[in-house]
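Student: Shown below is the structure under consideration.
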There are 4 protein chains.
Amino acid sequence: MQLTETTALKEAYNSVRKYSEQICSPLETEDYVPQPVPFVSPPKWHLAHSTWFFETFLLKKYLGGYQEYDPDFNYLFNSYYNNVGDRVLRTDRGNVTRPTTKAVYAYRQHVDRCMEELLDQDLDDQTRSLVELGLHHEQQHQELLVTDIKYILGHNPLFPVYKEGHQLVNSFNAESGFMQVPEGIYDIGFMGDGFCFDNELGRHKVYLHDFEISKSLVTNEEYIDFMESGGYEDFNLWLDEGWSWVNENKVNAPMYWHKIHGAWHYYTLGGLQQVNPKAILSHVNLFEASAFAQWKGMRLPTEFEWEVASVNLDWGQRWEWTNSAYLPYPGFTKAAGAVGEYNGKFMINQMVLRGASVATSPEHSRKTYRNFFHANERWQFTGIRLVK
Amino acid sequence: MQLTETTALKEAYNSVRKYSEQICSPLETEDYVPQPVPFVSPPKWHLAHSTWFFETFLLKKYLGGYQEYDPDFNYLFNSYYNNVGDRVLRTDRGNVTRPTTKAVYAYRQHVDRCMEELLDQDLDDQTRSLVELGLHHEQQHQELLVTDIKYILGHNPLFPVYKEGHQLVNSFNAESGFMQVPEGIYDIGFMGDGFCFDNELGRHKVYLHDFEISKSLVTNEEYIDFMESGGYEDFNLWLDEGWSWVNENKVNAPMYWHKIHGAWHYYTLGGLQQVNPKAILSHVNLFEASAFAQWKGMRLPTEFEWEVASVNLDWGQRWEWTNSAYLPYPGFTKAAGAVGEYNGKFMINQMVLRGASVATSPEHSRKTYRNFFHANERWQFTGIRLVK
Amino acid sequence: MQLTETTALKEAYNSVRKYSEQICSPLETEDYVPQPVPFVSPPKWHLAHSTWFFETFLLKKYLGGYQEYDPDFNYLFNSYYNNVGDRVLRTDRGNVTRPTTKAVYAYRQHVDRCMEELLDQDLDDQTRSLVELGLHHEQQHQELLVTDIKYILGHNPLFPVYKEGHQLVNSFNAESGFMQVPEGIYDIGFMGDGFCFDNELGRHKVYLHDFEISKSLVTNEEYIDFMESGGYEDFNLWLDEGWSWVNENKVNAPMYWHKIHGAWHYYTLGGLQQVNPKAILSHVNLFEASAFAQWKGMRLPTEFEWEVASVNLDWGQRWEWTNSAYLPYPGFTKAAGAVGEYNGKFMINQMVLRGASVATSPEHSRKTYRNFFHANERWQFTGIRLVK
Amino acid sequence: MQLTETTALKEAYNSVRKYSEQICSPLETEDYVPQPVPFVSPPKWHLAHSTWFFETFLLKKYLGGYQEYDPDFNYLFNSYYNNVGDRVLRTDRGNVTRPTTKAVYAYRQHVDRCMEELLDQDLDDQTRSLVELGLHHEQQHQELLVTDIKYILGHNPLFPVYKEGHQLVNSFNAESGFMQVPEGIYDIGFMGDGFCFDNELGRHKVYLHDFEISKSLVTNEEYIDFMESGGYEDFNLWLDEGWSWVNENKVNAPMYWHKIHGAWHYYTLGGLQQVNPKAILSHVNLFEASAFAQWKGMRLPTEFEWEVASVNLDWGQRWEWTNSAYLPYPGFTKAAGAVGEYNGKFMINQMVLRGASVATSPEHSRKTYRNFFHANERWQFTGIRLVK
């Protein structure tokens, strides 16, 4: 998304903002409220927080005469920016029933009106960049909206349908076989004029040895083989922390899978349905991905291998676990102030995922994009690609 | 409430059921959802659970041809009755967004219609007793509705008003001084034809020694004296577990109290307001009550002293902590089956409170009524009466 | 123990102090160190703490010119006396390897020498009373020494023998049948000139209704019946917190019981041995005692019933669970300063046990003695007596 | 250590085994027992576990007619080898008082005698390699013995001296200034005939960009500057998890530092002493290392930069934190069976440290050696080297 024209920026703004509300349109008011686990935020909170970002980093700073909408909102809707002051404890987001959903939508409208005013002005590049950052930030929260809604509904004993016929989980491989990548020096990191996050910058060289990477992602069928051959019971396949995770949580299948009358079902946004064996596997964590690869006698790609191979790969179905830790590229520097808290401070104990998923917002992906989650997390649409 | 006539029983049914919904009428939909701490249940859950009680223990058993409204509701709205099957984990009540509030009201309507049909029939005494139990059960949940709503709104950083002008916290003593009770044998426990819970039965004799009991409850002013003389810092005043509670939670005032610009305020259902020094103290736990009594050189009454004295006392403002543990009376027996789980199984590690509070439903109090909470709990309208 | 004569007091002092060391004589140095769970203290700590009591409350105050043995010991060996200053966290006692066991014995010798000097002086009654308190305090720790040693050795996978042939767990009932006690007013609490704890004082009247109390304690055989008839699986028998305790800890037998090749064994201080069916049951907690009584269609006695009946009962085999909470008698007052922390501050959320056990030190029991533990604790030699 | 000759292998065996016992020689029996935190093991356990390794992987397999010393020892002294069966819970090691220290020494003697017999035989290369692995394994435990003993004594309120005059913490930089390393392709990983761990294998090429690396390690003086300029209070310097760690643990200095009468002291194996400002900083974790680097406007090296630069660096004072996650080299494969559990399964959520420390056993270091700990751990002799 390279938005040098005012019109283009305004269109992007309107389209992104509208899309968040579309994601929420099938919800009942009650669905906007809860935070069933600390890592899942209430939909109401996502809608407000992404709005707060524009108010805090743009309207307050660059729109002359702007009056803060509500002084309490900074406390309520700041996510983790220490530079912007105190905030509601992350684990208490689900207990804040007011402002109501309706009031949050009113807040969005207000900020959108003021942003329109701001975008009509002659903005310098830095301000335009901040708007772009705000839109990409909102797109990230759009994917979280989808996965958090799925978590909230998918853990309700009634398995309510989000949208009849919604098929997010069922997508298929277009290709098969392995692709060879020769040894050599490769360039890694973002290059170009468009938008990217700071963690993609610092384009640099890496040396890769020969490898072969699968053109397809692991399917449900293949994973069921692993399960049926005792994959969840054989400690030799697992990382030590993964083996503890399996045992402490008594895990024996991917998230959202339930065995009903002898047949595997999974909860999808279209409701509970039988597992489609040919569809691409989803909702596994790094521990499961790693154990599966071990069982296959293969391994996960590094994020560099992935980036190099990605030019020739079909992708965009699942966030693909790499076996690279989320660490800074050479020359990474973080911006001063709150915006600098965006990425750098999370560069510890998380693993990089590459690609994009069926829940990723349109145009919100790049082959240099570095997503990251903890090794035990699996409520995103995550999958497995193998290397040998 | 002694309801021998069909009409009276129907009137009682309608009036109690309606009152629950009146309590909730000022709520926004979002307020019905959360469970901020395990001991606070979502208002939506209270409305459904009290309805489930009638469906499970009356309609399913005594209304010919009754069809279960929704088989999932037993799982969702059972509170703690092991005899009635599995249930949602107590701590997960706040994550269940469906059925919606609207659907819960529809469930109430359905059950009310069927109950009307049942109540028109010629019921035997046992069935009538179960209806009465259901109504008393719902009245208990009405008080919890009030205190849980207060908890949800009172822990919101915005301190939203439940109902403008609502003054529940401000009630005053009508009398002062101490009353003498002479040594002797007294009868304790329920006697009469009306309704009572099983834990009040087993009328029996106790021997009491002389005591003097205060005719008034402790006021905010008196408690502020305790606070200002270092009551929360002097370990000699506290029970050992109370002292741990103070330190682990850094407590220095009753629940809902906030010091703002040097003045004590408290959250009330009418919003945040300055503490009224003459009003009766509320929202202290047994640890605080006990430390305050120790500081005064007095003590809390036993539940027997309280019951004997209550004939001549004005009461009904606060649940009054006694220093009696919640244990069975001689001859206590629990009923067979699920109804037997009502009281007996909680008779450990809880303390008895006597009286009633400003949040107690009309007619839901007796001088033999035994309320009980853990020593650290203080979200009920609890107060202190002293004995010397 | 009434010790009006200097000689008698000195003899008592020597005998009690020596007995603590006799209890420890079969230990290896390593056994003196660990604290496997917070409620079990290292034997080394017991030896030092009971010595610290004499140094702190007697030598420092009443022996002219006494020099503190080591200023660090107050920090290390204070148990819970807030009035005497800071102390090692209770849960860290097992990590303090120095002073060594040998150094602790040297500390004991030093204090004993100085106490001898003190006891040769002409002491007033209050000082003599404090010495007596110190001796009773040490006797309490002697019983804890026995039970803590049993815990340490009994949780070692090797089940090491404390003393060959030691039979503490196997004691038998001398009588059988039930004894009737008629309704009436009874006097409760300590009376006489001898020693008692402050919690036994405040002799007062209670009114008891008719009851029949068993002359024997429950045996292993009877308890195995309960186990085999599904006692640990039937929630209707259990207090609610007891049922949680069973499930969270997957309990299916008393503490120290192990099923080996189909036969129940238990760890005793004489080593692992087969359960003797005729021996008196030990190592159950209040939850188990209460469930067993429920299963039998009987109940546990109150502490008042127990005290009244005890005149005609054989006892001293097990600490017997009563269904009375540990609360102050009418007129209970606690002493000023540290000695006042001895009992009163624990009067919440604990249950009274009456009697004495095979591990109780000689002469350290009275029919008015009130022992107390939490409902979930069972590492003491605890048993069950029934009432109907 | 390349040990092709029988004599050399026997000498190495004797020397390594003796060194473990020398480390423990200043201990009192009590010091061998406790496990104050889960990551610190009792010295007694280290002595037994390293012996168990030889018994399990060598004597039982290769010494004809060997009888297991004690069948319980496998359960007691297995560390984490799932392939070798069940074991004592890691957190319970400190509660196992038997076998005694003396019995553990007897076990060592027995195994040493049998190993001598085995080493006199004509062993094939694989067996010889396993002996070497066992010795390196014991050397790793020797360093842990030193750091665990320091932890046990250093957390005793008495700060007992391990060995008078022991100066482990005070070592100094020999050089200063920065060294330049030019951009290019470098070879990484072990090469040669000697011993190395499997995680060093898979020698491969990496591409490095220009960097300058400090020839000295950060000193106490430099770190005090950081502390005094508010380093522990400025969230902008910290990784997000590091900032949580600081706040939850109220950290304001390296481990073992205490401010006494206004002056910084630290606990050393020679006792408590004033911090030497010129000595090399020790006992900081990755979070602190990273915050310090951020404050300096520099960064930590990657493990590849470190390995390349190490040829020209003086090192061996501290384990130096790198900003590389502990992950497999290309082509890493783990051995089958228990020996394969040595390294690979820990390759998640840990960071690589390079170098060696003053507590590292003689000859137990290589420039390709990959040590690894969690980002929050700091009881090893860890330090900071900066890159710009």
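Student: Just to make sure I understand: if all protein chains stay in place, what is the order of D:Glu212, A:Glu288 by accessible area at 1.4 Å, largest first?
Tutor: Final ranking, largest accessible area leading: D:Glu212, A:Glu288.
Student: Rounded to the nearest 20 Debye, what is the dipole magnitude of the range D:178-383 about its Cα centre when Lys and Arg each give +1 and Asp and Glu each give -1 at the C-beta?
Tutor: About 400 debye.
Student: Taking each label point as 7 Å beyond Cα in the direction of the beta carbon, state the distances from B:Phe172 to the same residue in the other copies, shortest first, in nm.
Tutor: Values, ascending and in nm: 7.5, 8.0, 8.0.
Student: Follow-up. Over what distance in Å are the Cα centres of the range B:308-366 and the range C:197-229 separated?
Tutor: 25
Student: On average, how much accessible surface per residue is there in the range A:50-137, in Å², for a 1.4 Å probe, leaving out ligands, DNA and RNA?
Tutor: Averaged over the residues of the range A:50-137, the accessible area is 44 Å².
Student: When the Cα centres of the range D:82-130 and the range A:117-178 are compared, how far apart do they sit, in Å?
Tutor: 56
Student: Let me ask something additional. Which of the aspartates and glutamates could be linked to D:Lys61 by a straight reach, that is with a Cα gap under 17 Å, when you skip same-chain ones fewer than 8 residues away?
Tutor: D:Asp70, D:Asp112, D:Glu116, D:Glu117, D:Asp120, D:Asp122, D:Asp124, D:Asp125, D:Glu132
Student: Now for a different question. Show me, for the range B:8-15, the HN-Hα J-couplings you get by feeding each phi into the Karplus relation (A = 6.51, B = -1.76, C = 1.60, θ = phi - 60°), rounded to Hz, glycine and proline as x.
Tutor: Values, residue by residue: 4, 5, 5, 5, 4, 4, 5, 5 Hz.
Student: By the gyration tensor of its Cα atoms, with a ≥ b ≥ c the square roots of the eigenvalues, what is the shape of the protein assembly as shown: rounded for a/c under 1.5, prolate for a/b over b/c, or oblate? Write down the numbers at each step before the final one.
Tutor: On the way: a/c = 1.73, a/b = 1.17, b/c = 1.48.
Oblate shape, in that a/c is at least 1.5 and b/c is the bigger or equal ratio.
Student: Now for a separate question. Given +1 on the Cβ of Lys and Arg, -1 on the Cβ of Asp and Glu, and no further charges, what dipole in debye does the range D:184-245 carry about its Cα centre, rounded to the nearest 20?
Tutor: In total the dipole reaches around 440 debye.
Student: Give me the one-decimal nm value for the distance between modelled label points at B:Lys61 and C:Asp92, 7 Å along each residue's Cα-to-Cβ direction.
Tutor: Taking the two extended label points, one gets 5.7 nm.
Student: Could you pull out every residue, at least 5 positions away or on a different chain, whose amide H is within less than 5 Å of the one on B:Thr268? Hs are placed 1.01 Å off N in the peptide plane, and Pro or chain starts have none.
Tutor: Excluding prolines and chain starts, which carry no amide H, the hits are B:Gln273.
Student: Still on this structure, please answer the following. Taking the convex hull of the Cα atoms, report for the range D:6-154 its projected area averaged over all directions, in nm².
Tutor: 8.4
Student: Then there is this: What residues have an amide H closer than 5 Å to that of C:Phe178, excluding those fewer than 5 places away on the same chain, when H is modeled at 1.01 Å from N in the peptide plane?
Tutor: So C:Phe178 has HN proximity to C:Lys215.
Student: Under 8 Å for C-alpha pairs, at least 6 residues apart: give me the relative contact order for the range D:6-154, rounded to a whole percent.
Tutor: Contact order relative to length: 40 percent.
Student: 5 Å is the cut-off here: which amide hydrogens, built 1.01 Å from N in the peptide plane, fall below it relative to B:Gly383, excluding neighbours closer than 5 in sequence?
Tutor: B:Trp319, B:Glu320, B:Trp321
Student: Another question, then. To the nearest 100 Å², how much accessible surface do chains D and C hide from each other in total, with a 1.4 Å probe?
Tutor: The summed interface area works out to 2200 Å².
Student: Here is a follow-up. With angles folded into 0 to 90 degrees, how steeply does helix B:101-119 sit against the dominant principal axis of chain B? Use alpha carbons for both and round to 10.
Tutor: Helix B:101-119 sits at roughly 70 degrees to that axis.
Student: So which of A:Lys44/A:Lys334; C:Lys163/C:Lys345; D:Lys102/D:Lys345; A:Lys18/A:Lys60; C:Lys44/D:Lys102 end up more than 27 Å apart, counting from Cα to Cα?
Tutor: Result: A:Lys44/A:Lys334; C:Lys163/C:Lys345; D:Lys102/D:Lys345 exceed 27 Å.
Student: Does anyone have the angle between helix D:286-296 and the longest principal axis of chain D? Alpha-carbon axes, 0 to 90°, nearest 10?
Tutor: The angle comes out at about 30 degrees.
Student: Sequence gap at least 6, Cα distance under 8 Å: using those rules, report the relative contact order of the range B:178-383 to the nearest whole percent.
Tutor: Values: 342 pairs, mean separation 50.2, N = 206.
Once divided by the residue count of the range B:178-383, the mean separation gives 24 percent.
Student: Follow-up. Per 10 Å bin, what is the whole-percent P(r) computed from every C-alpha pair distance within the range A:178-383?
Tutor: It works out to 8, 32, 35, 19, 6, 0, in whole percents.
Student: Something else now. How would you classify the range A:244-363 from its alpha-carbon gyration tensor, with a ≥ b ≥ c the square roots of the eigenvalues: rounded for a/c under 1.5, else prolate if a/b is greater than b/c, otherwise oblate?
Tutor: Since a/c reaches 1.5 and a/b is larger than b/c, the shape of the range A:244-363 is classed as prolate.
Student: Based on Cα coordinates alone, diagonalise the gyration tensor for chain D, multiply each eigenvalue by 5, take square roots, and list the semi-axes in whole Å, largest first.
Tutor: Working from the Cα gyration tensor, I get semi-axes of 36, 27, 18 Å.
Student: Before rounding to the nearest 500, sum -39500 (n - 2.57) across all DSSP H runs of length at least 4 in chain A and divide by the residue total; then give [θ] at 222 nm in deg cm²/dmol.
Tutor: Helix contribution divided over all residues of chain A: -10500 deg cm²/dmol.
Student: About its Cα centre, what dipole magnitude does the protein assembly as shown give when the only charges are +1 on Lys and Arg Cβ and -1 on Asp and Glu Cβ, stated in debye to the nearest 20? Walk me through the numbers on the way to the answer.
Tutor: Numbers: 136 positive and 200 negative charges, 1 e Å.
Roughly 0 debye for the protein assembly as shown.
Student: Cα centroid distance between the range C:246-265 and the range C:1-72, in Å?
Tutor: Value for the Cα centre distance between the two parts: 36 Å.
Student: Sticking with this one: Using a 1.4 Å probe on the heavy atoms of the protein chains only, list every residue of the range D:306-331 that has 50 Å² or more less accessible area in the complete assembly than in its chain alone.
Tutor: D:Asn323, D:Leu327
Student: Relative to the first principal axis of the alpha-carbon coordinates of chain D, what is the inclination of helix D:43-54, with its axis defined by its Cα atoms, in degrees from 0 to 90 and to the nearest 10?
Tutor: Roughly 50 degrees between the two axes.
Student: Choose one of A:His136, A:Phe77, A:Ser41: the residue whose Cα lies farthest towards the positive end of the charge dipole of the range A:6-154 (beta-carbon charges +1 Lys, Arg; -1 Asp, Glu; about the Cα centre).
Tutor: Towards the positive end, the residue furthest out is A:Ser41.
Student: Kindly tabulate the residues in the range B:189-218 with an accessible-area decrease of at least 50 Å² between the chain alone and the assembly of all protein chains, using a probe of 1.4 Å.
Tutor: At a threshold of 50 Å² (probe 1.4 Å), the residues of the range B:189-218 that become less exposed are B:Lys205, B:Tyr207, B:His209.
Student: Could you work out the relative contact order of chain D, using alpha carbon pairs under 8 angstrom and six or more residues apart, expressed as a whole percent?
Tutor: Once normalised by length, the contact order is 18 percent.
Student: Next up: First compute the accessible area of chain B with a 1.4 Å probe, then give the percent of it belonging to carbon and sulfur atoms.
Tutor: Of the solvent-accessible surface of chain B, carbon and sulfur hold 47 percent.
The values are calculated or read from the model by the stated rules, or taken from the named source; none is laboratory data. Computed from a predicted model, the values in this text were never measured in an experiment. Glycine also receives a Cβ, built like all others from the backbone with ideal geometry; neighbour counts cover every protein chain displayed. Please note that ligands, DNA and RNA were not included when accessible areas were found on the heavy atoms of the full protein model with its side chains. Shrake-Rupley method; radii C 1.70, N 1.55, O 1.52, S 1.80 Å.
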